[in-house]
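Enquirer: First the structure, which I've put down as structure tokens, then a few questions once you've had a look.
The values are calculated or read from the model by the stated rules, or taken from the named source; none is laboratory data. Quantities reported herein were computed from a predicted structural model and do not represent experimental measurements. Cβ sites come from the backbone with ideal geometry, for glycine too, and all protein chains shown count toward neighbours. Note: areas computed on protein heavy atoms with side chains; ligands, DNA, RNA excluded. Shrake-Rupley method; radii C 1.70, N 1.55, O 1.52, S 1.80 Å.
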Amino acid sequence: MPFDRSIKIAPSILAADFANFGAEVQAVEAQGADWIHIDVMDGHFVPNLTFGPPMVKALRRHVTTVMDVNLMISPVDTYIDAYADAGADVLTAHVEAGPHIHRTLQAIRGAGMKAGVALNPGTPAEAVAQVLDLCDLVCVMTVNPGFGGQSFIDMSGKITQLRQMIGDREVHIEIDGGVDVKTAHGVVLAGADVLVAGSAVFRGGSVSDPAPYGENIRAIRAAAGA
Ligand code: DX5
């Protein structure tokens with residue numbers, strides 16, 4: 001997975017048809033998705049329950065780009081090997097999920113995956129200052145995690161601060177939550193390069209009519225670069 005800071009659009013399957021994930025992934029990749037973002041939720045760390053390792057493993061054969069898995073779960077460490085086995089390319093843990101994020105990131109890399117750390121809106125950038133050499137991605141949540149379709153929470157100051165803290169390290173800044181044609185430009189200006197979008201990508205389309213997926217991805221990409 002070579003590193004470059006070009007803008008990537010990562011559709012979140014949280015907004016896809018839950019009865020048709022394989023076909024949805026194929027459709028949205030064919031329509032221009034750069035990564036596929038998978039939000040794993042445990043009903044404990046966040047007030048929602050989605051899917052686990054077996055579903056992610058089943059999805060792997062449909063993903064030809066990057067399988068970007070965000071663990072909105074606590075604890076994390078006991079599940080790292082299962083997501084490595086499932087084929088995750090990037091595995092992200094929330095800094096708030098437990099007391100040992102340093103060890104968690106070492107374990108994710110040790111299992112052969114790119115390591116990500118996520119920060120909820122209330123968590124300051126300083127929370128990851130000591131682990132920037134252990135991660136490949138920092139995910140800035142711009143909603144309180146648990147559901148798609150929520151209103152964007154402006155985190156521009158945190159994004160800019162993280163961009164400065166990261167310096168020339170090969171670390172992506174990913175934005176997750178409420179990303180659409182209105183918010184994409186601001187987060188890129190602040191320093192983001194991976195844009196997770198669920199509602200804004202899957203809106204208006206379906207597996208049988210995927211053209212809106214492509215239109216939505218192109219519109220977000222254009223807005224990001226505007
Ligand atoms: C929240 C989820 C959502 C999802 C994207 O826990 O992480 O942010 O990925 O959903 P939209 O793009 O609809 O806000």
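Enquirer: Given the range 8-224, what percent of its DSSP beta bridges are antiparallel, to the nearest 5?
Expert: Rounded to the nearest five, the antiparallel share is 5 percent.
Enquirer: To continue, here is another question. Percentage of Cα-Cα pair distances in the range 1-114 greater than 24 Å, rounded to whole percent?
Expert: Pairs farther apart than 24 Å: 23 percent.
Enquirer: Lysines near Lys57 by alpha-carbon distance under 27 Å, same-chain residues fewer than 8 away left out - which ones?
Expert: Partners found: Lys8, Lys114.
Enquirer: Find which of Ala197, Ala127, Val187 sits farthest along the positive direction of the dipole of the chain, computed with +1 on the beta-carbon of Lys and Arg, -1 on that of Asp and Glu, about the Cα centre.
Expert: Working it through, the farthest residue towards the positive pole turns out to be Val187.
Enquirer: So, by mean Cβ neighbours within 10 angstrom, what's the order for 157-165, 186-194 with the highest one leading?
Expert: Ranking the peptides 157-165, 186-194 by packing returns 186-194, 157-165.
Enquirer: Something else now. Taking the solvent-accessible surface of protein heavy atoms with a 1.4 Å probe, what is the per residue accessible area of the range 95-226 in Å²?
Expert: Here the residues of the range 95-226 average 41 Å² of exposed surface.
Enquirer: Got a number for carbon plus sulfur as a percent of the range 8-224's accessible area, 1.4 Å probe?
Expert: 52 percent
Enquirer: Something else: Compute the projected area of the convex hull of the Cα atoms of the chain, averaged over all viewing directions, and report it in nm² to one decimal place.
Expert: Computing the convex hull of the Cα atoms and averaging its projections yields 10.7 nm².
Enquirer: Treating the beta-carbon of each Lys and Arg as +1 and of each Asp and Glu as -1, no other charges, what is the dipole magnitude of the chain about its Cα centre, to the nearest 20 debye?
Expert: It works out to roughly 160 debye.
Enquirer: So which aspartates and glutamates pass the test for Lys182, namely a Cα distance under 18 Å, with those fewer than 8 places away in the same chain ruled out?
Expert: Within the straight-line limit of under 18 Å, Lys182 reaches these aspartates and glutamates: Asp154, Glu174, Asp193, Glu215.
Enquirer: In vacuo Debye scattering of the range 77-158, one point per C-alpha: log10 I(q)/I(0) at q = 0.11, 0.24 Å⁻¹?
Expert: At q = 0.11, 0.24 Å⁻¹ the computed log10 ratios are -0.30, -1.15.
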